[in-house]
Structures are given as structure tokens and as C-alpha cells.
Amino acid sequence: MSDQRFEKAQFAAWVGIIGNIALAVMKGIVGWLSGSKALLADAANSASDVAGSAAVLIGLKAAKRPPDEDHPYGHGKAESVSAVIVSVLLLLVGLEIGYNSVKSIFGGVGEAPKEFALVAIGISIVVKEFLFQYNFRLGKKLSSHALIASAWDHRTDVMSSVAVLIGVGGAVLGGYTNQPMLFYLDPVAGLFVAFLVLRMGYKLVKGSIHTTIDHVLHQEETEELLETALRVKGVIAVNDLRAREHGHYVIVDIKISVNPKITVIEGHDIGKSVKHQLLTKFSHVSDVFVHVNPYDPGYPYKDVDSEHPDFPTLLH
């Protein structure tokens, strides 16, 4: 399943790279020939997406590597790191687009862009919406933060291209109606593109950092894990269960209580059964660490320390 996941995610990253290269070249050439500042800004945005998709691809390859001595929990967080890189690239491109748009507005706009710029913008909207739908659905299916971040990057591009379409269309209309003030809609659209890119970049940076740092699943997200462990024969109680995200998978730490009069081997076998059930039933669970405690009906209400002041409690 891991190999299939990587192959699907890798293919999506390559689709994004090829698509963004084609769009960046097309919009760059058409933007230059038509004299559209907004379309050139959109081309720069697509060019940044090439680097973003490459970062996703590198992150996916790193995340596929098996655990080693330095990374015993695997390399799953590499995907989250690549998502951070995509987000930071968005912020940098947004600042650059905004700067160039403001510069054009204050420098003055003497003529409207050529009409054929609208065709390039229309193609960009269609392609980008397809890339968003493809990456978002696949990212959800594979639980890939990097692919989801890349998908929202594509959706931002759709919104920015719509803004460019309105701006360029208004400027072209200004040329037909001899209204020079409408020429400024072109760089204003570029400024709006910058705002959208910066806004999405900020949201993705915030979300990516949250997933990169150890994040423990909330109680409602671990209830099914808890119920599965309790159904294992020999488990009397679950004292504690913590599941933390590690990239696209989850690592579970669980403390169970068993009959205190059984042998160590029997307790060990019960722990192995709990681990097997959680790994088998939940595909997103990568590893399970089970701590076996002797069942104490008075725990955690009675004062264990007062009864055994010279010894640490076995329930820890």
C-alpha cells in the first residue's frame, strides 16, 4: 500500500510540474506580447508552482524512506516540511507580484493589453481547476498534507486567474471605449492576485507548521482506536491512549491493564494482540507502542503513594 501511495502521489506531483511549466511559459509569452502586467504576475505565480511541486516530489520521496537509526519513527514528516516550503514560496511570490503591481500603478499605464491575453487566461482557469480537483481528492485519499497544500495552491491560482480575467477584460474594454482609466484595472488585478497568494500562503504556512510539530489527535479522533483495544481478549482497561500524527500516518502509544496474576508472557501476548489489531484495522496507523500494567480496581482514585511510600507505582 505504501508503494502504491507513493506512486500515485508522485504521479500527481509530476502532473503539477508539467502543467505549471506549460502554463508559466504560455502566460509569460502571452503576457509579454500583449503587454498585460496582470498576466505576467500570473505567469510568475505559475513558475513558483513548479518549484512548489518539485518540493512536494522531494518530500514524498523522503517520506517513503524506511525508518533508520536516526529516524526510528520513519520520515513521514518530510511531507509536512515540503508543505511548509510550498507555503513560503507562495508568500515570496505574493510579495514580488504585489511590488510589481504597485510599481506599475504609480508608474502609469498608457495602453490596454491585447485581446488575445484573454484566451490564455481562460485556458489557465480550466487547467488549474482540473489540477486542484485532482490533487485535493488524491491528497485526501492518501492523507498527504503536501498534496493538499499543492491543491490549495492550484485553487488560489484559479481565483487569481479569474481576477486577472476581470482586470484584463476591463482594461481591454477601456481600449474599445476610449476610457484610459480602465487601463489601470490590469495592474490592479495583479495587486489582487498578490493579496490572494499572500492570504493562501499564510494559511498554508500556519497549517503546515501545525502538522510538522508533534500533534496529538483529539479524543473524538481516537475513540475507535480505544474501542478496538478494549475488545481484545485479556484487556481489562485502557489507562491511556495517545495517537500523534507523523506526516501522513499515526503512531499510537497505549497503556493497558491486564489481570495482575497472569504470567509476563501472557501479558506480553495480550499487548501483541492489541498492537496487531490496531495495525490491521487502521491503515493510517504506522506503529503501536503498548505498555502493560497490572489491573488495579482502585486506580486512579486511591492514594497509591501513601500505601507504598518506598516504591514507585507500577501504574505510570
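The values are calculated or read from the model by the stated rules, or taken from the named source; none is laboratory data. All figures in this text were calculated on a predicted structure; none of them were measured in a lab. Reconstructed Cβ throughout: ideal geometry from the backbone, glycine too, with neighbour counts over all protein chains shown. Just the protein is used for accessible areas: all its heavy atoms, side chains included, with ligands, DNA and RNA removed. Shrake-Rupley method; radii C 1.70, N 1.55, O 1.52, S 1.80 Å.
Worth a mention:
Conditions tested, residue by residue: (1) in the same structural domain as T263 (by the TED database); (2) modelled with pLDDT of 90 or more; (3) among the polar types (S, T, N, Q); (4) open to solvent by less than 80 Å² (accessible area, probe 1.4 Å).
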position	(1), (2), (3), (4)
S273	yes, yes, yes, yes
H284	yes, no, no, yes
D287	yes, no, no, yes
V290	yes, yes, no, yes
Y299	no, no, no, no
D303	no, no, no, no
P309	no, no, no, no
L315	no, no, no, yes
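- Residues located in region 1-50, provided they are open to solvent by less than 10 Å² (accessible area, probe 1.4 Å), among the small types (G, A, S) and modelled with pLDDT of 85 or more: G31, S34, S36
- Boolean, G234 is under 19 Å from K281 (Cβ atoms), small (G, A, S) and either at pLDDT 90 or above or assigned to a loop (DSSP other than H, G, I, E, B) (or both): yes
- Unique match (being within 19 Å of the chain's Cα centre (by Cα), under 18 Å from G31 (Cβ atoms) and open to solvent by 10 Å² or more (accessible area, probe 1.4 Å)) among V158, V126: V158
Residues checked against (1) at pLDDT below 85; (2) of a type in the set (S, T, N, Q); (3) touching a Leu at 6+ places or on another chain (Cβ under 8 Å); (4) part of a helix (DSSP H, G or I):
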residue: A83; (1), (2), (3), (4): yes, no, yes, yes
residue: L91; (1), (2), (3), (4): yes, no, yes, yes
residue: S101; (1), (2), (3), (4): yes, yes, yes, yes
residue: G110; (1), (2), (3), (4): yes, no, no, no
residue: K114; (1), (2), (3), (4): no, no, yes, no
residue: I121; (1), (2), (3), (4): no, no, yes, yes
residue: K128; (1), (2), (3), (4): no, no, yes, yes
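- Listed by first and then second residue, the pairs linking a residue in region 173-195 that is open to solvent by less than 70 Å² (accessible area, probe 1.4 Å) and modelled with pLDDT of 85 or more to a residue that is hydroxyl-bearing (S, T, Y) and assigned to a loop (DSSP other than H, G, I, E, B), with Cβ atoms under 8 Å apart and 6 or more places separating them unless they lie on different chains, are D186/S36.
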